[in-house]
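Undergrad: A single structure is presented below for examination.
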Amino acid sequence: MKTKIILSALFCLLAASLTAQELSPETLSKRAKRKNLIIKEWNTNANAKTRWLDHYTKYDDQGRKVEEIEYTTYGQKSREVIEYNEKGFVDKDIIYDDRNKVVRVRKYEYNPDGSRKKQYNYLPNGKLYSIKIFEYIEEGDK
């Protein structure tokens, strides 16, 4: 009897893992090109020929974006740090302000097909203040 229960449980786990969305070949190809990459975007003043950093994006050893910083002429405007779950999907975004202080934390929940289901928005003190629900409607559906 125990063997049947264990086999049933294993079968259910296997079925659930097979139905979960795997990363597409296109996504894997893009990530392969971005492994350990840092991209800096610069703005240039045409008259004075001076330049300033506009955007900084960092990718990890798997080609996933892990940090993005936006700058203005006076310095950092905002910063986002991205964490991933074991399936490779975004688990949490931490948003910082111009003084590198946390202003928002976003956590995500996914559908079995890998599409986003919900986004939970938290204040820096950990209090939930809003939830975004994603709805997917194919063209022609009502």
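The values are calculated or read from the model by the stated rules, or taken from the named source; none is laboratory data. Note that the structure is a prediction, hence the values are computed from the model and not measured. Heads up: the accessible areas ignore ligands, DNA and RNA and are worked out on the full protein's heavy atoms, side chains in. Shrake-Rupley method; radii C 1.70, N 1.55, O 1.52, S 1.80 Å.
Undergrad: What shape does region 32-125 have by the C-alpha gyration tensor, where a ≥ b ≥ c are the square roots of the eigenvalues, rounded means a/c under 1.5, and otherwise prolate means a/b greater than b/c and oblate the rest? Intermediate results must be reported in sequence, preceding the final value.
TA: Working: a/c = 2.98, a/b = 1.60, b/c = 1.86.
Because a/c hits 1.5 or more and a/b fails to exceed b/c, region 32-125 counts as oblate.
Undergrad: Could I ask something else about it? Under a cut-off of 20 Å between alpha-carbon atoms, report the lysines in cross-link reach of Lys65, not counting same-chain residues fewer than 8 places apart.
TA: Lys30, Lys33, Lys35, Lys40, Lys77, Lys87, Lys92, Lys107
Undergrad: Find the centroid of the Cα atoms in region 37-67 and in region 74-142, then give the distance between the two in whole Å.
TA: If we compute the Cα centre of each part, the gap is 22 Å.
Undergrad: Same structure again: Could you state the accessible area per residue of region 91-142 in Å², with a 1.4 Å probe and every protein chain left in place?
TA: Per residue, region 91-142 has 76 Å² of solvent-accessible surface.
Undergrad: Right, another one. By a straight-distance test (C-alpha under 20 Å), which aspartates and glutamates pair with Lys49 as possible cross-link partners, with residues fewer than eight away in the same chain excluded?
TA: Reachable aspartates and glutamates: Glu41.
Undergrad: Now a separate question. How much length is gained if the chain between Lys117 and Glu135 is pulled fully straight, taking 0.36 nm per residue apart and subtracting their Cα-Cα distance, in nm to one decimal?
TA: Values: separation 18, 0.36 × 18 = 6.48 nm, distance 0.76 nm.
Computed gain between Lys117 and Glu135 is 5.7 nm.
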